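> Dropping a structure here in structure tokens format, bear with me for questions.
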Amino acid sequence: MPTSTHDRFAPRGELRPEQLRAYVEGRLNAAERHQVELHLEHDPLAREAADGLREAGAMAGLGALHAARPAGPPAWPWLAGAAVVFISGAVWWTFSGTPEHVAHTDTTTHTTTLQTIPESSEADETTALQPAEIEAAVEIPETLYIGHTTTDLHARAASIAEAAVEREPITVERLEGIPPALDTTVEPSAPASIRSKRSSMQLLFLHDLKVVDPRELYRVAPLLMSDERHVDANFADREQQQQGQEPQRFSKYTPYMDATLGKFVRNQHKACLEDLRFLLQQYPNDVNALFYAGLCSYNLGMNERARSFFHRAATHPVQVFNEEAVWYHALTLSRLGEHTAATEAYQRIAAQDGFYAERAREQLKGGGK
């Protein structure tokens with residue numbers, strides 16, 4: 001549906017399927033990418049569609065589906081086939097460990113809006129991150145690290161302080177006792193269910209760093225499969241090869257993240273990012289991994305990667321890291337030399353008067369650099 005608004009940050013026109021596919025494949029120029037990202041910012045359904053196209057094998061399957069479509073009628077067999085594919089996908093979605101789209105929580109008081117600069121094709125596919133790229137990264141000076149202070153919103157102390165609500169002292173005036181007047185004709189109402197509405201996400205703090213409880217993200221408890229099992233090639237037949245194969249090892253999500261973030265707090269950013277890369281290979285939309293991968297990438301000087309990770313964390317359906325991700329995304333724009341875009345981002349953060357508003361004003365005083 002075309003957009004009609006005077007908001008200069010709002011998208012123009014409608015987002016076409018082929019335009020979204022070209023964006024995911026990295027075939028658009030800077031201006032075209034910018035327009036697509038405006039649509040993704042304003043339309044959660046478009047963001048879900050983009051995330052779906054980023055899934056492993058999605059583009060290949062879509063191409064095969066288009067290739068199989070006949071040039072003319074009759075169309076009903078293909079509609080029936082599409083229905084079968086849709087039903088199969090629904091069954092797979094129900095019983096798989098795919099991240100569940102969770103409703104917006106009330107833990108974030110201020111609404112944050114992210115407008116990004118078009119990203120390079122290298123950074124669009126976060127699962128394409130390779131160990132060699134991490135190993136070749138040149139770490140920035142420790143004095144320029146981000147994400148390591150206790151005053152950051154994702155740290156335990158700041159997160160709890162931000163979530164706390166200041167309450168006015170209650171003054172109770174004593175009144176003369178008055179016998180209650182009971183109306184026995186009114187039926188008592190049913191008690192409200194305490195689980196009818198969830199006002200906040202369940203959080204964990206690993207090494208004093210905020211993590212969304214995996215039970216909030218996945219229908220089935222996620223397990224991380226180890227690397228491919230090692231097999232000796234010198235076997236006489238397939239049966240001996242199968243017998244000599246090492247058993248597949250699995251890791252539970254929370255202990256894995258605990259060990260990973262332990263590396264982060266020790267400034268072992270390469271090792272931490274490698275662990276997060278491994279997690280994102282199996283769970284590409286994991287918001288915890290996306291956010292901390294952004295921090296690691298920034299500290300390793302991998303600015304294009306950092307921009308992509310922070311953008312995805314800021315626009316993620318689970319809006320737990322959105323405010324801090326918007327802030328770090330703005331810092332990344334500054335480091336990339338995108339000063340105009342960075343200044344606009346700082347202005348929005350300052351205007352929203354959230355957790356990072358004062359820091360954004362300080363950046364604006366320095367010219368947004």
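The values are calculated or read from the model by the stated rules, or taken from the named source; none is laboratory data. Since we're looking at a predicted model, the values are computed, not measured. Here Cβ is always computed from backbone atoms with ideal geometry, including for glycine, and neighbour counts include all displayed protein chains.
> Of all the residues that make up the stretch 312-352, how many are on the phi < 0 side of the Ramachandran plot, not charged (D, E, K, R) and not in a helix (DSSP H, G or I)?
Looking only at that region, the number is 8.
> Might you let me know whether the stretch 293-300 holds any residue that is closer than 14 Å to residue 147 by Cα and not in a helix (DSSP H, G or I)?
yes
> Quickly run through the stretch 140-158 and pick out the residues that are under 18 Å from residue 310 (Cβ atoms) and not in a helix (DSSP H, G or I).
Answer for the stretch 140-158, where residues must be under 18 Å from residue 310 (Cβ atoms) and not in a helix (DSSP H, G or I): 140, 145, 146, 147, 148, 149, 152, 153, 154, 155.
Matching residues to (1) surrounded by 22 or more Cβ atoms within 10 Å (Cβ to Cβ); (2) over 22 Å from the mean Cα position of the chain (by Cα); (3) of a type in the set (Lys, Arg); (4) modelled with pLDDT of 95 or more:
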position: 302; (1), (2), (3), (4): yes, no, no, yes
position: 306; (1), (2), (3), (4): yes, no, no, yes
position: 348; (1), (2), (3), (4): no, no, yes, yes
position: 363; (1), (2), (3), (4): yes, yes, no, no
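> Can you find, within the stretch 15-33, the residue that is modelled with the highest pLDDT among those that are basic (Lys, Arg) and in a helix (DSSP H, G or I)?
That would be 21.
> Six or more apart or on different chains, Cβ under 6 Å: which pairs go from a residue in the stretch 341-369 that's more than 20 Å from residue 161 (Cβ to Cβ) and free of Cβ contacts under 8 Å to residues at least 24 places away in the same chain to one that's surrounded by fewer than 18 Cβ atoms within 10 Å (Cβ to Cβ) and of a type outside the set (Phe, Trp, Tyr)? Could you list them?
346/364; 350/357; 350/361
> Within the set of pairs 6 or more residues apart or between chains, which connect a residue that is within 18 Å of residue 50 (Cα to Cα) inside the stretch 1-28 to a residue that is outside any loop (DSSP other than H, G, I, E, B) and modelled with pLDDT under 65 with Cβ atoms less than 6 Å apart?
Filtered contacts from the stretch 1-28: 11/3; 26/121; 26/124.
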